[in-house]
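One structure is given here, and the rest of the page talks about it.
The values are calculated or read from the model by the stated rules, or taken from the named source; none is laboratory data. Here the structure is a predicted model, which means the values were calculated and not measured. Virtual Cβ from ideal backbone geometry, glycine too; neighbours counted across all protein chains shown. Each accessible area value is taken on the protein alone, full model and side chains, heavy atoms only, with ligands, DNA and RNA left out. Shrake-Rupley method; radii C 1.70, N 1.55, O 1.52, S 1.80 Å.
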Amino acid sequence: MTKQAAITVQKKDFQGKQFFVVFVIKPEDYACGGSMPSSIKGKANHTWNLQRMKTLEVTIVPSVKGSVYVHAILFSFLSFFSFYLGALLVAFVQYCRIYRTTSTRGHSPDDGSGTVAASHPIATSTPEGSSYGAIDESGSSGGQQLSSLDRRPPCDLDTDSSVEEESDFDTMPEIESDKNVIRTKMFLYLSDLSRKDRRIVSKKYKIYFWNIITIAVFYALPVIQLVITYQTVVNVTGNQDICYYNFLCAHPLGVLSAFNNILSNVGHFLLGFLFLLIVLRRDILHRRSLETKDIYTMDYGIPKHFGLFYAMGIALMMEGVLSACYHVCPNYSNFQFDTSFMYMIAGLCMLKLYQTRHPDINASAYSAYASFAVVICLAVLGVVFGKSSVWFWVLFSVIHVVASLGLSTQIYYMGRFKIDVSDPDTGIFRRAMMVLYTDCIQQCSRPMYMDRMVLLVVGNLVNWSFAIFGLVYRPKDFASYLLGIFICNLLLYLAFYVIMKLRSSERLLPLPLFCIVATAVVWAAALYFFFQNLSSWEETPAESREKNRPCLLLGFFDDHDVWHFLSAAALFFSFLVLLTLDDDLDSVRRDKIPVF
């Protein structure tokens with residue numbers, strides 16, 4: 001300790017109910033984190049001529065009673081079970097609304113046989129064997145109206161068979177050519193990017209769910225084993241410098257030294273499970289509508305694919321598990337456990353937001369999780385080498401900038417930009433330089449896709465700023481720095497999506513609007529408590545203890561526990577925003593929903 005320190009003494013460790021408090025004076029300041037005075041450097045004895053005196057005050061207070069533990073546990077569970085009650089209330093209101101809407105649809109545009117009446121025309125003249133990019137000239141919206149009923153296989157043939165793959169659509173050269181025609185149009189509509197068989201696309205996104213379960217099991221088991229080993233070492237040796245607790249508010253239970261920091265993560269698990277139930281309810285209702293061949297489900301609104309939502313729910317639950325594991329013994333080495341699934345949550349949210357209006361061209365689960373694996377590898381390298389190695393920051397900055405440019409290119413050209421790697425010479429680079437010179441220098445032409453260009457320019461500027469900041473300042477906490485990159489990109493894309501949605505004369509229903517406001521308010525409150533540093537493994541144990549503070553809530557939870565509670569609620573509301581954001585489009589034809 002330097003100024004203050006605390007230690008919890010448990011009665012079970014002292015059979016005679018007596019103990020001694022012994023203070024050991026360190027001869028050097030730097031043993032506790034101080035620096036050696038320059039005036040005495042190089043001398044054999046550094047402290048013999050220093051006249052110093054320390055006054056110590058020892059305070060012994062009884063630990064909290066068992067009733068406080070019971071109240072804290074009840075508070076933690078009842079607080080989040082209230083979200084379940086709120087979800088039941090919203091589900092009941094929506095059920096009543098759907099029942100009333102169904103009753104008034106006695107003469108809906110659906111004639112009962114899966115076709116559309118003349119009051120809501122959708123072009124059906126395109127034959128089954130027509131080319132991929134067939135466009136009906138008689139439709140509205142600038143001739144973009146496309147046939148979707150004739151080409152769709154029966155919905156009751158949805159089975160678990162995986163024989164239908166993307167190759168059914170993509171093997172023929174003329175189809176590739178038509179994709180280029182469709183996806184490079186100046187004005188794209190959702191019907192242009194939702195042409196593949198719904199069953200195949202849904203199975204593609206279900207892989208996200210099954211893969212993240214596998215990843216969670218294989219990732220969590222070694223983590224649990226490691227933190228149990230840490231806790232055992234602390235209990236056996238008594239060395240409390242291994243783990244960076246808030247010792248002024250660390251309440252033990254059993255073998256755990258800080259049970260309150262673990263209990264406060266229960267919200268992530270409970271709200272993640274609640275989100276899975278909400279998604280499951282929507283999935284069941286969607287399947288029932290498909291079985292009845294409801295025209296509003298088949299050809300109106302955003303195509304419903306729930307695989308990514310299920311993956312997000314599992315990721316939220318695992319974030320609670322791994323955050324609890326980290327707080328068993330918080331230190332520099334295992335902080336990556338607390339952030340690994342946060343990377344995945346941010347990445348899955350961006351993928352889901354992009355998938356909403358690009359269902360046919362979103363990334364596959366294999367490529368997405370492979371990218372997450374690369375990110376976590378970089379996080380591990382940052383933990384090991386990020387403190388002082390310049391070569392690591394140069395390498396990371398280069399990877400960051402190149403990845404940003406490559407991803408921007410794919411987004412701008414809707415996945416139709418390809419490089420012929422078989423070209424033995426430098427023709428590709430000459431062509432790229434010629435395009436840059438012609439379009440940007442010789443004659444500065446307006447970008448064909450202005451909205452996308454604005455988003456990508458701003459996004460690249462933000463990411464390049466992060467890369468330059470990391471290269472210049474080399475922050476010690478690389479994991480938080482990397483997480484900041486993901487969160488900023490997610491917020492930027494979400495803001496762009498909402499702005500474009502409002503610009504396209506779409507509206508926000510009361511439920512998503514409430515979720516957006518709740519998300520902003522809860523995140524603001526959560527971040528306030530997050531930045532109340534109660535300990536720091538970036539410093540020595542003695543310096544970390546200077547930051548310790550007493551409990552804040554119920555005499556049991558500290559500021560960081562409140563951050564856990566609020567961040568769980570904020571993530572839950574964030575997920576609900578993505579789930580409900582486009583509910584206003586459920587009665588809008590897909591050939592009238594713009595892509596951005």
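Here are some notes:
- Taking a Cβ cut-off of under 12 Å around residue 268, the surrounding Lys, Arg, Asp and Glu residues balance to a net charge of -2, with basic ones at +1 and acidic ones at -1.
- Ordering of 476-487, 229-240 by packing is 476-487, 229-240, highest average first (other Cβ atoms within 10 Å, averaged per residue).
- In nm, spacing of pseudo-spin labels at residue 584 and residue 505 (7 Å Cα→C-beta vector): 1.3 nm
- Å³ per residue enclosed by the Cα convex hull of segment 250-356: 94 Å³
- The average projected area of segment 468-596, computed from the convex hull of its Cα atoms over all directions, is 11.0 nm².
- When only Cα pairs below 8 angstrom with a gap of at least 6 residues are kept, segment 269-410 shows a relative contact order of 21 percent.
- Rg/Rh ratio calculated on Cα atoms of segment 322-403 (Kirkwood radius): 1.05
- Relative to one another, the C-alpha centroids of segment 203-253 and segment 266-336 are positioned 22 Å apart.
- Average accessible surface for segment 188-313: 39 Å² per residue, computed with a 1.4 Å probe over protein heavy atoms with every protein chain in place.
- Of the peptides 584-591, 23-30, 212-219, the ranking by mean beta-carbon count within 10 Å, highest at the top, reads 584-591, 212-219, 23-30.
- Sorted on the mean count of surrounding Cβ atoms within 10 Å across their residues, most packed first, peptides 65-75, 4-14 read 65-75, 4-14.
- Percent of Cα-Cα distances greater than 18 Å, calculated over segment 226-304: 62 percent
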